[in-house]
């Protein structure tokens, strides 16, 4: 990051940060996409198992990665104030934090996941695949979270292109390991859907190893002296948790709603489960656009707010939100026109394709809502405002989505589609609440500037 003075310069800098993040997010979400599509081509029952397991995995995974993402605004504020010497210390505190959190998630997967999956009404074969997939996936928890810290560091320093290059390695690694372990190619054991979990874990271990080497060799990182591990600093750990916990909690509150809906789908047929999860999987891939805007917003806004250049922060906000709307127009048009083609990526059964296509049509609406809500989350993080947005998110997601879905399921014939309508409504409400919070924060900054001006006079 660096200061800019003209609108054109800000626009160019934002795009330089945004596009690598976008490609990175596509590669990131592709892991789940690849697991689901490759498993779907193997067997529909395995697809249902992997999809259900993913519904249980995603909320906890995103919760922890959300916590470690707090490093972005923290370092952004340091850089805005010219305190580069604080970067290495914060980096190592988040490394220690990520390692501890990964052990917690590992324990939850090993001890809690099996009884949950075995008691939600899944068919025996589907439940067996789900449990095996999660156990294999748990092998990759530690490298996944540690890499998330390294990626957050690179993003906060404006080195988003380097993050992109690293993450692009995930796709060929994941595809290669999946092919070997799902289908049992070249003498490897044929593990079916469970093999997708092991393939993803091995890919993340490879990615972590490569990222550590680059971290130590990258010339632009030499000035931060990252090669020297720093001791545990409980004060900074607490600051990271204080800021990161609401971020992770907000993401968790949103993602777990989707996962709960996925688990509710267990009462429907295996065909509906597979179609729902396939549509949700592709929708998650499309979510890469608004979440990339959100990440870019957190970087640029935190830098400008840290330097107390609030007007510059507002300019970046306008740029980011307009870019989000433009991209939404392209992605929604693409998905609407090619929804049948997208559905066929997950299976060959005509009934399955028709059902999945209908789910994808519903997904258009909550993707539109995400285009507004997700960037607002990033903006608020840039201001280091995380606690109130957490409460607003919980209210929006939990007071609307599931209650409305259950109501529609009871009084209408919409069936599984009822819960998608509930999801759409909750995202719309969250966007409204986040916009209200942003206006409140901006009023406070304007008051700060006015008082500063009066004092100087």
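The values are calculated or read from the model by the stated rules, or taken from the named source; none is laboratory data. Source: prediction; values computed, not measured. Ideal geometry is used to build each Cβ from the backbone, glycine not excepted, and the neighbour counts take in all protein chains shown.
So is residue 39 within 30 Å of residue 272 (Cα to Cα) and in contact (Cβ under 8 Å) with a residue 60 or more places away in the chain or not? Taking the combined requirement at face value, the residue satisfies it. When residue 98 is tested against the conditions (1) surrounded by fewer than 19 Cβ atoms within 10 Å (Cβ to Cβ); (2) not in a loop (DSSP other than H, G, I, E, B), the lone failure is (1). Return the only residue of 386, 361, 412, 356 being surrounded by fewer than 17 Cβ atoms within 10 Å (Cβ to Cβ) and in contact (Cβ under 8 Å) with a residue 24 or more places away in the chain. Result of the check over 386, 361, 412, 356: 361. Residue 259 meets the conditions (1) closer than 30 Å to residue 344 by Cβ; (2) surrounded by fewer than 18 Cβ atoms within 10 Å (Cβ to Cβ); (3) in contact with a helix residue (DSSP H, G or I) (Cβ under 8 Å, 6 or more places away or on another chain) in every case but one. The failed one is (2).
Taking residue 271 as the residue in question, decide whether it is buried (at least 20 other Cβ atoms within 10 Å of the Cβ) and either in contact with a helix residue (DSSP H, G or I) (Cβ under 9 Å, 6 or more places away or on another chain) or without any contact (Cβ under 8 Å) to a residue 40 or more places away in the chain (or both). No, not satisfied. Annotation: residue 326 fulfils all but one of (1) within 22 Å of the chain's Cα centre (by Cα); (2) modelled with pLDDT of 85 or more; (3) under 30 Å from residue 34 (Cβ atoms); (4) crowded, with 21+ Cβ neighbours inside 10 Å; the unmet one is (4).
Does region 211-220 hold any residues that are within 17 Å of residue 160 (Cβ to Cβ) and in contact with a helix residue (DSSP H, G or I) (Cβ under 8 Å, 6 or more places away or on another chain), and which are they? Of everything in region 211-220, those that are within 17 Å of residue 160 (Cβ to Cβ) and in contact with a helix residue (DSSP H, G or I) (Cβ under 8 Å, 6 or more places away or on another chain) turn out to be 211, 214, 215, 218. Hey, can you tell me all the residues within region 118-130 that are surrounded by fewer than 24 Cβ atoms within 10 Å (Cβ to Cβ) and part of a helix (DSSP H, G or I)? If the condition is that a residue be surrounded by fewer than 24 Cβ atoms within 10 Å (Cβ to Cβ) and part of a helix (DSSP H, G or I), then 124, 125, 127, 128 are the ones that fit.
In the set 365, 390, only one residue is more than 29 Å from residue 74 (Cα to Cα) and not in a loop (DSSP other than H, G, I, E, B); that residue is 365. Checking region 232-245 against the condition returns a match, with at least one residue being exposed (fewer than 15 other Cβ atoms within 10 Å of the Cβ) and touching a residue at least 60 places away in the same chain (Cβ under 8 Å). Flag set for residue 129, criterion: under 28 Å from residue 173 (Cα atoms) and more than 24 Å from the chain's Cα centre (by Cα).
Yes/no per residue for (1) under 27 Å from residue 294 (Cβ atoms); (2) surrounded by 15 or more Cβ atoms within 10 Å (Cβ to Cβ); (3) within 24 Å of the chain's Cα centre (by Cα); (4) modelled with pLDDT of 85 or more:
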position: 152; (1), (2), (3), (4): yes, yes, yes, no
position: 189; (1), (2), (3), (4): no, no, no, no
position: 211; (1), (2), (3), (4): yes, yes, yes, yes
position: 219; (1), (2), (3), (4): no, no, no, no
